[in-house]
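Comments concern the structure below.
The values are calculated or read from the model by the stated rules, or taken from the named source; none is laboratory data. Being a predicted model, the structure only gives us computed values, none of them experimental. With ideal geometry, Cβ positions are generated from the backbone for all residues, glycine too; neighbour counts draw on all protein chains shown.
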Amino acid sequence: MSTSESNILNGADSLAIDTAVRALKSDLLVAIPTETVYGLAARASSPKAVKKIFTIKGRPTEHPLILHIAKTQDLTLWSSDLPRAAHALAEKYWPGPLTLVVRRNNKVCDEITGGRDTVAIRCPSHPITTELLIRLDDAIVAPSANRFGKVSPTSARHVAEDFGDEVIVILDGGECSIGVESTIVDCTTNPPQILRAGAITAEQIEIDCGITVASASGESRASGMLEKHYAPNCIVELASSRKDAEIRLANLKSVGRIAEIIDFGADLEMYAHELYSCLRDADKRLVDVVIAVKPAMTGIGIAINERLNKASNSASGD
Ligand code: AMP
Ligand code: MG
């Protein structure tokens, strides 16, 4: 782990965005703020730069990357045979925390998709990253800016802790407003399927767009669907209620373990906002066990439960 923070630049400074654009044009990687989590970005039109992401993250090349675009209309630049549902979802939720899996066109290199004929595309809403994309005049690919399988970063400091010396520019755009990764909807199936839960839920899509989306089924296509992911070093135990968490805490303390509770009550947005920060912070303080009170399975609570299940799963994954 590196503690260097000298490469964190204030993203509100126009010159910092220029520096990031120059780095991307030179096929270097840049960490960027988004409303979900921080991303580790490479220029999408440079296979050489895209490959660097897999190396630096330790990410298997068969795990495809999400392509990030400046504006909704750019969807058609990178895709083909778009179904009506993809247009409708992009119109409704972009810019925002929704990724669409669609058929790719030949502008998308194999390095991005792991050779698949589909590509995952998102239009993020963070103004600094939008400005970066406009000035770059290209798309970027950006997985979360953490080592593969580990907890995603929700601040520039988190990125510096993981990649301080290896990423030349970390654009600081403050804390991510949402705090968990985007909802991924596969639009190549009928009905479309949710591959990863996020801030935008199936229920919301049904209400807003009248589109029914199914839960993921079949072979795992999203890395977020691996059984163990988003994992801190500490053990994560799940508690069904605050009371359950307190009993577990007392038991752990009685045998000398360092343990603590994560619980944000009914405030699901705050839970999502703070979750990764809490897990990273617990690791820093060498906490043995974090006991997370499971939030309600509604709204963004579905995504939080999904991440907690993966963080707590001790089966080997990645
Ligand atoms: P992250 O690992 O946070 O970068 O999230 C990227 C997610 O998008 C992963 O779960 C990928 O597997 C998923 N993804 C990217 N491209 C595709 C694709 N063509 N088909 C299905 N899932 C994809
Ligand atoms: Mg990730």
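Checking each residue in the range 172-192 for being closer than 22 Å to A272 by Cβ and away from ligand 2 (no atom under 16 Å from the Cβ) picks out D172, G173, G174, E175, S177, V185. Being outside any strand (DSSP E or B) and at pLDDT 95 or above is a condition met by no residue of the range 216-229.
Given the criteria away from ligand 1 (no atom under 16 Å from the Cβ), within 27 Å of the chain's Cα centre (by Cα), of a type in the set (D, E) and over 24 Å from S155 (Cα atoms), does E237 qualify? Show your work before the answer.
Numbers: away from ligand 1 (no atom under 16 Å from the Cβ): yes; within 27 Å of the chain's Cα centre (by Cα): yes; of a type in the set (D, E): yes; over 24 Å from S155 (Cα atoms): yes.
Taking the combined requirement at face value, the residue satisfies it.
Quick check on my filter: what residues within the range 236-259 are free of Cβ contacts under 8 Å to residues at least 60 places away in the same chain and within 15 Å of S312 (Cβ to Cβ)? Let's see the steps before the verdict.
Start the filter on the range 236-259 by keeping residues that are free of Cβ contacts under 8 Å to residues at least 60 places away in the same chain, which leaves 239-259.
If the condition is that a residue be free of Cβ contacts under 8 Å to residues at least 60 places away in the same chain and within 15 Å of S312 (Cβ to Cβ), then A239, S240, D244, A245, R248, L252, A259 are the ones that fit.
Please determine whether any residue of the range 281-293 is buried (at least 18 other Cβ atoms within 10 Å of the Cβ) and in contact with a Pro (Cβ under 8 Å, 6 or more places away or on another chain). For the range 281-293, residues buried (at least 18 other Cβ atoms within 10 Å of the Cβ) and in contact with a Pro (Cβ under 8 Å, 6 or more places away or on another chain): present.
Scanning the range 58-96 for residues that are within 16 Å of ligand 2 (Cβ to nearest atom) and either of a type in the set (F, W, Y) or surrounded by fewer than 16 Cβ atoms within 10 Å (Cβ to Cβ) (or both) yields a total of 4.
Taking the criterion of being within 16 Å of ligand 2 (Cβ to nearest atom) and part of a strand (DSSP E or B), the residues of the range 1-48 that qualify are A31, I32, G39, L40, A41, A42. Kindly establish whether I194 is in a helix (DSSP H, G or I), modelled with pLDDT of 95 or more and β-branched (V, I, T). In short, no.
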